[in-house]
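**Q** This is the structure, below, for whatever I ask next.
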Amino acid sequence: MGKVVMYSSVSVDGFVADENDQPGPLFDWLSSGDVPLDESGALKVSQTSYDYTRPYWDQIGVTIVGRHVFDLTDGWDGNPPGGIDHAVVVTHRPEPEGWDPRAPFHFVNGVEAAMAKAQELAGDRIVEVAAGDVGGQVLAAGLIDEVRMDVVPVVFGSGKRYFGSVHAQHLLEDPDVVTQGNRVLHLRYRVRR
């Protein structure tokens, strides 16, 4: 079974989106360099960010997201983000009407069911959990092994929190990776057990 990683770009004050669900400049680092991050050529980062991000992306087998993010992105037109093989959507609602059942998206009720499905699909590859409310629920359930953040130099003041509505304390180990890219600081923490 692969490790479970909570991940997102985040403002310095801990938000993954503003009050209007907009990421603002949180993804600017993905276009601030000259090294293509994927085959589309749309994402270009610094060599340092490429060396940190590309190997991680290549290990992801499944991404878990909440229905809110799925709806905001229109389900990425049926293609999981970042070229990932599968996406598991945590939702209490059925898949959207007219949704192509061949699209590699799996709609499940609850984070435990989402994790079970994701681990089945991922095998020994990484299960990535999108930060925010669902990520916070997975952390609170004790199912996260590692927290990765791409910290962007912006202060939102309010918005959607990286750890969602988690109210309990969770200890992380000291960061074992701290990498500075252009307009981003990549951090990786193991979750203390």
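The values are calculated or read from the model by the stated rules, or taken from the named source; none is laboratory data. Keep in mind that what you see is a predicted model, and the values were worked out from it rather than measured. When we count neighbours, we look across all protein chains shown, and the Cβ atoms used for this are built from the backbone with ideal geometry, even at glycine. With ligands, DNA and RNA removed, areas are computed over all heavy atoms of the protein, side chains included. Shrake-Rupley method; radii C 1.70, N 1.55, O 1.52, S 1.80 Å.
**Q** Among the residues in segment 17-34, are any in a strand (DSSP E or B) and under 29 Å from residue 119 (Cβ atoms)?
**A** Yes - at least one qualifying residue is present in segment 17-34.
Here's the yes/no breakdown for (1) surrounded by fewer than 20 Cβ atoms within 10 Å (Cβ to Cβ); (2) in contact with a helix residue (DSSP H, G or I) (Cβ under 7 Å, 6 or more places away or on another chain):
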{"site": "78", "(1), (2)": "yes, no"}
{"site": "114", "(1), (2)": "no, no"}
{"site": "122", "(1), (2)": "no, no"}
{"site": "137", "(1), (2)": "no, yes"}
{"site": "178", "(1), (2)": "yes, no"}
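**Q** May I pose another question? Inspect all residues belonging to segment 53-74 and state whether any of them is in a loop (DSSP other than H, G, I, E, B), within 25 Å of residue 190 (Cα to Cα) and open to solvent by less than 60 Å² (accessible area, probe 1.4 Å).
**A** no
**Q** Any idea which of (1) aliphatic (A, V, I, L, M); (2) under 21 Å from residue 22 (Cα atoms); (3) assigned to a strand (DSSP E or B) is the one residue 127 doesn't satisfy?
**A** It fails just one condition, (2).
**Q** Of the conditions (1) at pLDDT below 95; (2) closer than 28 Å to residue 154 by Cβ, residue 18 clears all except one; give me its number.
**A** So the condition that residue 18 fails would be (1).
**Q** Quick one: which residue in 88, 108, 152 is touching a Leu at 6+ places or on another chain (Cβ under 6 Å) and open to solvent by less than 50 Å² (accessible area, probe 1.4 Å)?
**A** 152
**Q** Out of curiosity, is residue 99 of a type in the set (Phe, Trp, Tyr) and either in a helix (DSSP H, G or I) or touching a residue at least 40 places away in the same chain (Cβ under 8 Å) (or both)?
**A** So residue 99 fails the test.
**Q** Regarding segment 43-66, can at least one residue be identified that is under 20 Å from residue 104 (Cβ atoms) and at pLDDT below 90?
**A** There is no residue in segment 43-66 that is under 20 Å from residue 104 (Cβ atoms) and at pLDDT below 90.
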